[in-house]
Amino acid sequence: MNIHPTTPTEELYSALQVAYNHFNNSLFDAKLPPILFTFQRQQGMMGYFAPNRWASSQGKNCHEIAINPLYVGRAKLIELMQTLVHEMTHCWQHCYGTPGRMSYHNKEWSEKMISVGLMPTSTGKPGGKIVGQRMGDYPISNGSFVLECVTLLNTKNFNLPWVDRFSIRDWNTGNEGISESCENTVLTDALTGIDSNIADQLISNLSHLFDNDLFESPSHQSSKKTKLKYTCFECGINVWGKAGLSLRCDDCNNPMQGG
């Protein structure tokens, strides 16, 4: 089905759908079901997977993959793709495997990530643990993920047409504590041998692909709250805590949204 976007909503969601379809076909043998994308400003994570979150009037259920616009605008293009494939791997495990309890990234998930070309790591860099509660990842040099990112840019001219003007950079994922220079070294190593123009696109912050005057710096944004309210989107329970926490509701096994 050809999609001809005419509104900002259609343009943005169409771009994500193009990427999802591409990685589903190339990395997951087209075995993942259709999902529903949402954008959620969830503190401390680039995205998450929520199984069977949506229902249709025809009685069908649909999984959700959420992307956090608060961080995407200052992220590198390849980091957006990493986030998408990371969550797609959770979708694969929900459909065909045995997910870990309480968002634990277990060995099955880790092995699938490696098979699609992403190395799980608890530190965001080589040498970290490959299983755990909070996990980052980095691209494996010349792995399937990197090669399919190149194909996505080469054959489908992929780009993200809209980003949040109030994006920030300092999200807390499994990559916390990794310096910008170390992160760039890991990505540069992973992209060794890739066409330089494509590599530059992949490691450029998305904000650099736009006019920087469009973005508001954190200092121009409203003053920071000392505490944030975190809410489970399923049962509605609230807790309060400092900014940057990554919390889950034990009863519903869902991430709690901060705001």
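Worth a mention:
- Eligible lysines near Lys76 by straight Cα distance, threshold 18 Å, same-chain separation 8 or greater: Lys125
- As a calculated quantity, the FRET efficiency between Arg165 and Val239 at R0 = 30 Å, using C-beta atoms, amounts to about 0.55.
- Zone residues, the range 16-53, relative to Asn61, backbone N less than 20 Å from point 7 Å out along Cα-to-Cβ: 31-38, 48-53
- With R₀ set to 25 Å, the beta-carbon distance separating Asn253 from Lys229 gives a calculated FRET efficiency near 0.80.
- Of Asp189, Asp137, the sequence from fewest to most neighbouring Cβ atoms within 10 angstrom is Asp189, Asp137.
- Sequentially through the range 156-164, phi angles give Karplus couplings (6.51, -1.76, 1.60; θ = phi - 60°) of 10, 6, 5, 7, 9, x, 9, 9, 6 Hz, Gly and Pro residues having no value and appearing as x.
- Sequence of His90, His208 once ranked by neighbouring C-beta atoms within 10 Å, starting from the fewest: His208, His90
- Potential lengthening between Asn106 and Glu11 on full extension [0.36 nm per residue; Cα-Cα distance subtracted]: 30.7 nm
- For Met256, distant residues with modelled amide H under 5 Å away: Leu247, Arg248, Cys249
- When each of Tyr48, Tyr96, Tyr20 is scored by the number of other beta-carbon atoms lying within 10 Å, the sequence from fewest to most is Tyr96, Tyr20, Tyr48.
- Checking the Cα-Cα distances for Lys60/Lys129; Lys129/Lys242; Lys129/Lys156 against a 31 Å cut-off, the pairs over it are Lys60/Lys129; Lys129/Lys156.
FYI, it's all coordinate maths here, none of it is from the lab. Just so it is clear, the structure is predicted and the values come from calculations on it, not from any experiment. Every residue, glycine among them, receives a Cβ derived from its backbone with ideal geometry; neighbour counts consider all protein chains shown.
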